[in-house]
1. Go through (1) open to solvent by 10 Å² or more (accessible area, probe 1.4 Å); (2) at pLDDT 95 or above for I72 and report which single condition fails.
2. Among (1) crowded, with 22+ Cβ neighbours inside 10 Å; (2) farther than 19 Å from A137 by Cβ; (3) of a type in the set (G, A, S); (4) touching a residue at least 40 places away in the same chain (Cβ under 8 Å), which single condition is S114 missing?
3. Which of the residues spanning segment 128-147 are open to solvent by less than 10 Å² (accessible area, probe 1.4 Å) and farther than 24 Å from R16 by Cβ?
4. Quickly run through segment 91-145 and pick out the residues that are at pLDDT below 95 and among the charged types (D, E, K, R).
5. Give me the pairs, please: first residue somewhere in segment 92-111 and among the β-branched types (V, I, T), second residue anywhere and not in a helix (DSSP H, G or I), beta-carbon distance under 6 Å, and either six or more positions apart or on two chains.
6. Could you figure out which of (1) aliphatic (A, V, I, L, M); (2) over 22 Å from N65 (Cβ atoms); (3) surrounded by 23 or more Cβ atoms within 10 Å (Cβ to Cβ) isn't true of A103?
Amino acid sequence: MAEIIQFTPRRDADVRENLAEFIRRCRFDLTVFDKNLAWEENNWPSAGVSFGNMEHKTRILSPDNAMKQPFIEFAKAYLRYQQGHKPTTVKQEITALKCLERALILSFGRADISDLNIAILDSAASIAREQFSSGNAYHSGRELARLALFVSEKHLITGCFDWKNPNCRPTDTVRTGEKARENREKKLPDEEALDALVEIFASKP
């Protein structure tokens with residue numbers, strides 16, 4: 001079984017110190033994705049992920065399209081920690097991290113999680129809407145909100161963000177419940193229209 005840790009920040013420590021300790025513990029103390037995980041590699045076959053940026057479109061990750069330092073160190077730590085506590089088949093954290101890195105670089109010319117703020121989160125959510133389907137944009141925004149809460153609670157950044165996902169959830173084609181029934185009934189033709197259709201078909205030879 002993979003080794004899981006609960007990271008507890010030091011409230012008397014600088015956020016940089018907490019961030020460095022978080023990354024160190026995720027690198028050396030966790031065994032999620034394999035205790036012999038090659039942390040320094042940007043492709044983790046055992047996890048089924050690559051730490052590529054928004055330009056990474058192919059199966060093979062080139063060095064030019066890898067996430068930049070120091071952001072990539074946080075990205076690796078964050079993914080390993082979250083997947084240890086709540087493993088998923090589809091690792092939506094990666095998509096959100098790609099958008100966040102792009103937003104940081106566009107705003108500051110560098111990728112450093114310490115620069116995170118509300119404007120960056122809004123920009124990352126906007127990038128998700130531009131780059132992905134509405135469904136993926138929604139999930140990316142949800143993961144961004146989860147990340148913002150995490151780094152705030154763990155004292156990894158300066159400030160505390162109560163940020164909500166601005167990307168709307170796509171309307172499902174199949175829903176249940178009273179409201180869904182009402183919506184379906186609204187789309188049905190009224191009785192007069194149905195009677196008219198019956199008369200048309202009845203008059204045909």
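The values are calculated or read from the model by the stated rules, or taken from the named source; none is laboratory data. None of these values were measured; they are calculated from a predicted model. Here Cβ is always computed from backbone atoms with ideal geometry, including for glycine, and neighbour counts include all displayed protein chains. When the accessible area is computed, the model is the full protein with side chains, heavy atoms only, and any ligands, DNA or RNA have been set aside. Shrake-Rupley method; radii C 1.70, N 1.55, O 1.52, S 1.80 Å.
1. With (1) open to solvent by 10 Å² or more (accessible area, probe 1.4 Å); (2) at pLDDT 95 or above applied to I72, the lone miss is (1).
2. The failed condition is (1).
3. A128, A137, S140, G141, listed by residue number.
4. K91
5. Note: pairs meeting the criteria are I94/V49; I105/A111.
6. The single condition A103 does not satisfy is (2).
Let's see how each residue does on (1) of a type in the set (F, W, Y); (2) surrounded by 12 or more Cβ atoms within 10 Å (Cβ to Cβ):
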{"position": "E3", "(1), (2)": "no, no"}
{"position": "Q6", "(1), (2)": "no, no"}
{"position": "E17", "(1), (2)": "no, yes"}
{"position": "F22", "(1), (2)": "yes, yes"}
{"position": "F28", "(1), (2)": "yes, no"}
{"position": "F33", "(1), (2)": "yes, yes"}
{"position": "L37", "(1), (2)": "no, yes"}
{"position": "V49", "(1), (2)": "no, yes"}
{"position": "N53", "(1), (2)": "no, yes"}
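Yes or no, residue by residue, for (1) at pLDDT below 95; (2) among the aliphatic types (A, V, I, L, M):
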{"site": "F22", "(1), (2)": "no, no"}
{"site": "R25", "(1), (2)": "no, no"}
{"site": "K35", "(1), (2)": "yes, no"}
{"site": "N42", "(1), (2)": "no, no"}
{"site": "A47", "(1), (2)": "yes, yes"}
{"site": "R59", "(1), (2)": "yes, no"}
{"site": "D64", "(1), (2)": "yes, no"}
{"site": "K68", "(1), (2)": "no, no"}
